[in-house]
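Comments concern the structure below.
The values are calculated or read from the model by the stated rules, or taken from the named source; none is laboratory data. It should be emphasised that the depicted structure is a prediction, and the values quoted were computed from it without experimental measurement. Ligands, DNA and RNA are excluded from the accessible area calculation, which covers all protein heavy atoms including side chains. Shrake-Rupley method; radii C 1.70, N 1.55, O 1.52, S 1.80 Å.
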Amino acid sequence: MNLKRWFGWLCLALMLVAEIFLFRANHGKEVALTGLREAQQENRQLAGELAELKNSNAGLQAAEISRLRKQNEILTNKLAGLQAAADRLQQESRQNAQHLTTARTALQLQQEHLAQLQTENQQIAAVQAETLQRNACINNLRQIDAAKLQWALEKNRTTDAVPTVQDLLPYFKDGIFPVCPAGGIYSLNAAAEEPACSLPGHALPPP
């Protein structure tokens, strides 16, 4: 009788213990499930925030990429414009160099032509001066020849008589004997002979 009672109490106690463990297990399960749901909710929130952040970063990246592309396009166009301007300036520089070379060549030719003209003018001037001096000398020879003839006539001298400079001075203006402008020396010779100059070409023309 006692054994059955003790066995009944023991079964009751075991049942109570089992109920307590089951309650605790259910309570722990509920707590675990609640924690799991909360963790899942937090995970979903974090996933949403992460997706939103990704989308936000993607938008920022797209905007930054678009800005960089526009800036790159602007810089590319600017660089192309600068390159075109540089090419144009280089072309103009080559053209200016060609024009400068042409101008220098023309200037050099002009200088050579001017030098040639100057040389020719100097030669012409020298020839003209020599001609003037020769003509002046020939005119002097004519005056000397006329003075000789007049001297011989007035002094009743023979044709072979040779006058001196002093003899002929009265027959020249202001008593000044003519001098060759080119520095020649006159030879009076006889009254019947023509006077002569020591320089070639300074002679009376033939009658």
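What list of whole percents do you get for P(r) of the chain, with Cα-Cα distances grouped in 10 Å bins up to the one holding the largest distance?
7, 12, 9, 6, 6, 6, 5, 5, 5, 5, 4, 4, 4, 4, 4, 3, 3, 3, 3, 2, 1, 0, 0
Among the aspartates and glutamates, select those whose C-alpha is under 13 Å from the C-alpha of Lys148, and discard any that sit fewer than 8 residues away in the same chain.
Of all the aspartates and glutamates, those that pass the test against Lys148 - Cα under 13 Å, at least 8 places apart if same chain - are Asp160, Asp167, Glu193, Glu194.
Evaluate 2.2 N^0.38 Å with N set to the residue count of segment 48-93, then give the Cα radius of gyration divided by it.
For segment 48-93, the normalised Cα radius of gyration comes out at 2.06.
Could you report segment 102-207's accessible area per residue, 1.4 Å probe, as an integer in Å²?
69 Å²
Ignoring everything except DSSP H segments at least 4 long, calculate the 222 nm mean residue ellipticity for the chain; use -39,500 (n - 2.57) per segment, divide by total residues, nearest 500.
-29000 deg cm²/dmol
Pairs of Cα atoms under 8 Å, at least six residues apart: use those to get the relative contact order of the chain, whole percent.
After rounding, I find 14 percent.
Quantify, in whole percent, the carbon and sulfur part of the accessible surface of segment 43-142 (1.4 Å probe; protein heavy atoms only).
Solvent-exposed carbon and sulfur of segment 43-142 make up 56 percent of the total.
With a 1.4 Å probe and all protein chains kept in place, how much accessible area does Ser66 have, in Å² rounded to the nearest 10?
Accessible area, nearest 10 Å²: 50 Å².
Divide, for segment 3-66, the radius of gyration over alpha carbons by 2.2 N^0.38 Å, where N is the residue count.
2.49
With θ taken as phi - 60° and the coefficients 6.51, -1.76 and 1.60, list the Karplus ³J(HN,Hα) couplings across segment 190-195 in order, rounded to whole Hz; mark glycine and proline as x.
For segment 190-195, the Karplus-derived couplings read 6, 4, 7, 9, 6, x Hz, x marking Gly and Pro.
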